[in-house]
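Report on one structure; see the data block that follows.
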Amino acid sequence: MECTTFKSAIDNTFSSVRNFSFEEKKSFLSEEKINALLDAILEFKKVFNDKTEKINSINKSIEKLTWFNDFNDETLLSLNDLISSIKDAHSTLIKQYVSLNYIRSKGIAKEEISRFKSAIDDLKESYQDLESVFFFLPEIPDFIETTKQLSLI
């Protein structure tokens, strides 16, 4: 009787292994699954390329603002609001970047994420430049004189 039970257990195990093996051969990394994964990675890269392009465009617009020199209190108030918005956007983007730690550690979209981080760093530098040019540097007499001389060129 024990041999029959043993044989039955072997047959059941064999059947389970056989079916499992067959299903795995059919489904493991099928071309469809690989293509879906690759499509998802390409879409992920596109999202971060688009974000990076948008940030770079904003950075260029901010840089142009630093060259203005005719401003009043109303303009400075608007500029202060803009700087606050940029700081908020920067904070949000840094949180997004940090959330990508796992993906970066796996080497997925390294270049795209690196360019994204670089654009975020440039955004921070841009708003700091705005603050300096319009709020901190104008308080320094040498800066005012240098600005006047440059405007004559």
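Each value in this text was obtained by applying a stated rule to the coordinates, not by laboratory testing. What you see is a predicted model, and the numbers here were worked out from it, not measured in a lab. Quick reminder, even Gly has a Cβ in these numbers, built from the backbone with ideal geometry, and neighbours come from all protein chains shown.
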What does the charge dipole of region 97-139 about its Cα centre add up to, to the nearest 20 debye, if the Cβ of each Lys and Arg holds +1 and the Cβ of each Asp and Glu holds -1?
480 debye
Which value, in debye to the nearest 20, gives the size of the charge dipole of the chain about its Cα centre, when Lys and Arg are +1 and Asp and Glu are -1 at the Cβ?
980 debye
Local electrostatic count at Glu53 - Lys and Arg +1, Asp and Glu -1, tallied over other residues with Cβ under 12 Å:
+3
How big is region 53-125 in terms of Cα radius of gyration and Dmax, in angstroms?
15.2, 51
Give me log10 I(q)/I(0) at q = 0.09, 0.18, 0.20 Å⁻¹ for the chain, Debye formula, one equal scatterer per alpha-carbon, no solvent.
-0.54, -1.07, -1.19
Highest GNM mean-square fluctuation, the chain, Cα pairs closer than 10 Å: which of Ser126, Ser99, Ser15?
Ser15
